[in-house]
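In what follows, a structure is listed as structure tokens, so that the remarks can point back to it.
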Amino acid sequence: MPTGKLAAMLAELDEHGVVVAPDVLSAAELAAARGAVDELIAADRAAGAQLAGFHYDPDDRNIRIVDLAPRSEVMRSLVEHPLALALVEHALGADFRLSNFSGNRTAPGSGRMGMHADQGFLPSPWPPYAMAFNIGWALDDFTPQNGGTRYIPGSHKRDHGPKWNGDYAEARPIVCRAGSLFAMDGRVWHQTGANVTDAETRTGLFAYYVRPFIVTQRPWPALIPRAKRDELTPRVAELLGFERPRATTDLRSR
């Protein structure tokens with residue numbers, strides 16, 4: 001990506017807390033990601049894993065898949081996508097970890113999720129910088145009608161999270177085409193939108209990164225068998241907590 005375009009994206013991210021990069025995935029990459037999601041849903045269904053009815057959803061219509069990084073090479077390629085990592089690094093610094101990677105497929109008639117911020121685990125007042133960061137991958141078009149993520153612009157500048165059941169008229173939908181990426185500061189107030197369509201699903205993937213001193217939501221080293229660790233690229237291995245952080249300035253030289 002040209003330096004000037006990236007700089008404009010970072011400025012928008014700093015101002016609003018969210019930025020969209022359209023058409024990041026090629027047609028082949030998008031098809032591969034969609035195919036991987038379908039395979040993972042089928043595998044979970046066959047194994048009797050929970051796919052719907054989670055406590056944070058208002059109903060049992062949304063399908064959610066978890067632990068994507070260990071399960072698919074296609075998913076791991078998204079985890080270390082250069083543009084995604086550039087955006088995360090801008091917010092969290094050069095050293096960070098992947099805390100979680102999950103997918104959400106809204107179904108017609110599914111309701112709106114409660115308003116929240118992804119660093120809601122921190123007590124307020126929050127520091128004036130992010131502790132967490134989300135990269136969303138739109139595998140379908142995100143629209144106001146099909147459950148596109150809704151957010152409150154500028155809410156990352158507040159030092160606390162929202163009320164889960166609050167009514168926030170200023171919330172607006174993230175609208176983007178399939179294959180786009182959207183980045184969201186961990187302090188941004190947001191929610192899954194309601195899907196009011198008759199027959200349209202909306203699939204999004206969400207890679208959740210945190211600063212290195214924060215315990216990750218998923219214990220990746222315990223979830224990935226040793227036999228499969230050789231399949232990880234060095235960068236993914238680092239993000240999952242298998243490798244030591246990249247070298248930094250030697251303080252002894254100062």
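From least to most packed, judged by other beta carbons within 10 angstrom and beginning with the fewest, 102, 180 follow the order 102, 180. The stretch 177-220 to the stretch 21-52: how many Å between their Cα centroids? So the two Cα centres are separated by 14 Å. Residues 143, 203, 233 in ascending order of nearby Cβ atoms (within 10 Å, fewest first): 233, 143, 203. Which of rounded, prolate or oblate describes the stretch 75-124 when judged by the alpha-carbon gyration tensor and an a/c cut-off of 1.5? Note, shape of the stretch 75-124 comes out oblate. Each Lys or Arg adds one and each Asp or Glu takes one away; over the other residues whose Cβ falls under 14 Å from the Cβ of residue 16, this sums to 0.
Run the helix sum for the chain: -39,500 (n - 2.57) per DSSP H stretch of 4+ residues, divided by residue count, reported at 222 nm to the nearest 500 deg cm²/dmol.
Calculated at 222 nm, the ellipticity per residue is -8000 deg cm²/dmol.
If you filter the stretch 69-124 for chymotrypsin sites (Phe, Trp or Tyr not before Pro), then keep DSSP loop positions with at most 14 other Cβ within 10 Å, what is left?
Counting only loop positions with at most 14 other Cβ atoms within 10 Å, the chymotrypsin sites (Phe, Trp or Tyr not before Pro) in the stretch 69-124 are 121.
Each 5 Å bin, from zero up to the one with the longest distance, holds this percent of the alpha carbon pairs of the chain: 1, 6, 13, 17, 20, 18, 13, 7, 3, 1, 0, 0, 0.
Computed extension length for residue 159-residue 54: 35.0 nm, one decimal, from 0.36 nm per residue of separation with the Cα-Cα distance subtracted. Only aspartates and glutamates eight or more places from residue 5 in sequence, or on another chain, were considered; those with a Cα closer than 15 Å are 14, 23.
Bear in mind these aren't lab numbers, they're just calculated from the coordinates by the rules spelled out. Computed from a predicted structure; not experimentally measured. Using ideal geometry, Cβ is built from the backbone for each residue, glycine included, and neighbour counts are taken over all protein chains shown.
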